[in-house]
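Structure first, commentary second.
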Amino acid sequence: MNIAVFNEFFSPYITGGTEIFLKEFCRYLERKGHKITVITSYLVKGETGFTTYKIKSSPICISHMQQLPGITTPFLLFNHKLEKRIKEILEKEKIEIAYINNIYHLSFSTIRACLRKNLPLILDVHDYWPVCFSKDKYYLGKKFCKTQDTLKCSFCLFTKYKFPVFLFFPFLKIEKEWRKKFLEKLKTIIVHSKFVKKVLQSTEEFKNKEINVIPYPLLVSFSKRIKKPKIEKELRLLFVGRVEFNKGADLLLKIAKKLKNKKINFRIDVIGRGKLMKKLDKKELNIHVHGFLGKERFKYFEKAHILLAPSRWPEPFGIVALEAAAYKTPVITLEFSGGLAEVVKENKIGLLAKENNLEEKITLLTSNSWLYKEIQKNCEKILPKYSTKRIFRKYMKLFKI
């Protein structure tokens, strides 16, 4: 089968787990004899490994309206020129299935182009873009958003992007109608956690839709012979992710101060980039910030006793928790961290905490050797459940290939 894969970014342009997952899944499809055509908005130097088309999307286009000079916005309403280009690619590559991922800059013209070619459409939702203009369902960058009020959405966008998008309030209303119109025609929808399924089905666009939950696979190689350093000698804590407020990175300072006051010998390794990097890099509090690391990060997983993932943002999934499980590292996350809390709780690979008792959960884990070892056993048990072979087979059933 000839399969078109749509996503904003594609490896080697990697912004997160979506691009890593897509490359591996596309390789799997290719090994099964299918031809992959990648259609993306952003590329960097380097081969993707597949037939690839980069489509330049203009900032704001509605109907035949011209692009406004010097104006950039975080959303794209519609683009007829882009739709025409996609149709040309679909015809040239003789596409038989359209696999749609994150298309917020490619816009809903992508879906319409595929519908007009009568192609089977599969929508894979990696974040909240189908029901949120800013893609994260995080109102004003402070709390989980439950509203679908277009005026509030406009204000939220203005706060985040410092652009007067409220001037385009009528356009947002139009996009909302288009969104509903196009999404209701989709029959195969995939999400990666029950939490995201619940969020989508609480909206008008998805309330009557059948949604398939397929978790991400674990894409790391690991050794069963993992020997942790002794906790008594030095407690090693690990944080992996964006070093931002919504990921709870600021809470590491509070944890470090409490542990230091208790005269516990500890070390916190922080892996990732973000606004709080400089604020956190405090050697006097035994916090060591390493920035972004690729596969090198796994040596820190192997040595860590606990992964701290205190995300305030409701994560669509918890891939970092699976990576920790692969190295027998228990996870502590917040109760309302969405798909991340779901992965930890369902698989019993860590503990759920509140913002004000993270240090208590660390003490519980480190002082109760039986509990710690039970969680490590659970880490081993769940790994087959997230194997690429098992997960990709579920995808193939939905693709009907």
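Summing +1 for each Lys or Arg and -1 for each Asp or Glu among the other residues whose beta-carbon sits under 13 angstrom from that of residue 295 gives -1. When the charge dipole of the chain is built from unit charges on Cβ atoms (+1 for Lys and Arg, -1 for Asp and Glu) and taken about the Cα centre, the candidate among 109, 339, 367 whose Cα reaches farthest toward its positive end is 367.
When a footprinting reagent is the concern and you count Cβ atoms within 10 Å, what order do 182, 292 take, fewest first?
Least crowded to most crowded, the residues run 292, 182.
Shape class of region 347-399 from the alpha-carbon gyration tensor: oblate, with a/c at 1.5 or above and b/c at least as large as a/b. Each Lys or Arg adds one and each Asp or Glu takes one away; over the other residues whose Cβ falls under 12 Å from the Cβ of residue 246, this sums to +4. Bridging of residue 135 to aspartates and glutamates at a Cα separation below 20 Å is possible for 8, 19, 124, 127, 149, 175, 177, 184, 204, 205, 244, 315, once same-chain residues fewer than 8 apart are set aside. Given the options 307, 82, 322, state which has the largest fluctuation in a GNM of the chain using a 10 Å cut-off (strictly under) for Cα springs. So, out of 307, 82, 322, the one fluctuating most is 82. Summing charges over neighbours of residue 129, with a neighbour being any other residue whose Cβ is under 11 Å away from its Cβ, gives 0 when K and R count +1 and D and E count -1. When 27, 236 are arranged by Cβ crowding within 10 Å, least crowded first, meaning fewest neighbours, the order is 27, 236. Taken about its Cα centre, region 235-386 carries a charge dipole of about 500 debye when Lys and Arg each add +1 at the Cβ and Asp and Glu each add -1 at the Cβ. Of all DSSP beta bridges confined to region 235-386, the antiparallel ones make up roughly 0%. Quick one, which of [x] 43, 27, 19; [y] 37, 30, 18; [z] 39, 25, 19 is the actual semi-axes √(5λ) of the Cα gyration tensor in Å calculated for this model? Given [x] 43, 27, 19; [y] 37, 30, 18; [z] 39, 25, 19, the calculated one carries the label [z]. Which shape class applies to region 235-386: rounded if a/c is under 1.5, otherwise prolate when a/b exceeds b/c and oblate if not, where a ≥ b ≥ c are the square roots of the Cα gyration tensor eigenvalues? Because its axes are fairly even, with a/c under 1.5, region 235-386 counts as rounded. Sorting 126, 34, 192 by the number of Cβ atoms found within 10 Å of their own Cβ, with the fewest placed first, yields 34, 126, 192. Between residue 194 and residue 262, what FRET efficiency follows from the Cβ-Cβ distance if R0 is 60 Å, with the result rounded to 0.05? In this case the efficiency is close to 0.95.
Bridges between two residues of the chain, per DSSP, are antiparallel at a rate of about 5%.
Any read-out appearing in this document is the output of simple, stated calculations on the displayed coordinates, not a laboratory observation. Values in this document were obtained by computation on a predicted structure and should not be read as measured data. All Cβ positions, even for glycine, are placed from backbone atoms using ideal geometry, and neighbour counts span all protein chains on display.
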